[in-house]
Amino acid sequence: ILFSDLRDFTPWVESTDPREVVRDLNAYFSEMEGAIRDSGGLVLQYIGDEIEAVFGAPVADARHADQAVRAAREMSRRLAGWNAARAQAGKVPLRHGIGIHTGAVLAGSIGSVDRLSYALVGDAVNLASRIQSLTKELGGDVLVSGATRDRLADASALERVTAARVKGRSAEVEVYRLATSAGR
């Protein structure tokens with residue numbers, strides 16, 4: 001499960017015309033969704049300026065952890081390119097934080113009798129979101145849980161950050177930062 005959230009979104013929205021915010025968000029989401037899809041993932045929803053995506057569902061794929069990390073790398077690469085174009089247009093660059101966690105979830109249709117959405121339910125969803133939030137405190141654009149690290153074919157691009165406590169959990173969670181210099 002991958003969560004991505006724009007940094008400093010509120011001040012940007014406060015100082016930007018709403019039509020421009022919508023255009024920029026749609027352009028950003030298009031870039032990020034492309035990176036996720038090209039890596040074998042599925043965007044489940046956009047929540048304000050946040051993206052929730054899954055790898056390995058609805059079709060199981062043993063490479064889901066590698067796909068999520070590949071997507072995060074590609075998202076960061078695409079954001080850098082997009083920001084270069086924004087700078088040329090005199091716009092402020094945008095930043096995001098990405099959290100990735102691997103765990104068991106129930107994936108299926110959830111909602112009311114009149115409106116259903118494909119969604120994930122389980123503790124792993126909450127933990128992925130909390131890891132994304134840790135990017136603000138621990139630094140780094142991409143943080144990965146120990147559970148995800150353990151499933152990677154090659155974890156050499158990860159550096160251990162800490163065992164951190166996250167909101168709503170009693171046990172600490174191993175957290176790793178994706179090294180930006182890893183040109184993979």
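Restrict the check to the range 119-135 and report whether at least one residue is exposed (fewer than 13 other Cβ atoms within 10 Å of the Cβ) and modelled with pLDDT under 95. No, the conditions are met nowhere in the range 119-135.
Report, by residue number, each residue of the range 155-168 that is in a loop (DSSP other than H, G, I, E, B), open to solvent by 20 Å² or more (accessible area, probe 1.4 Å) and in contact (Cβ under 8 Å) with a residue 24 or more places away in the chain. Scanning the range 155-168 gives Ser156, Lys167, Gly168.
The values are calculated or read from the model by the stated rules, or taken from the named source; none is laboratory data. This is a predicted model, so every value here is computed, not measured. Please note: Cβ atoms are built from the backbone with ideal geometry, for glycine as well, and neighbour counts cover all protein chains shown. Note: accessible area is taken over every heavy atom of the protein model, side chains too, but ligands, DNA and RNA are not part of it. Shrake-Rupley method; radii C 1.70, N 1.55, O 1.52, S 1.80 Å.
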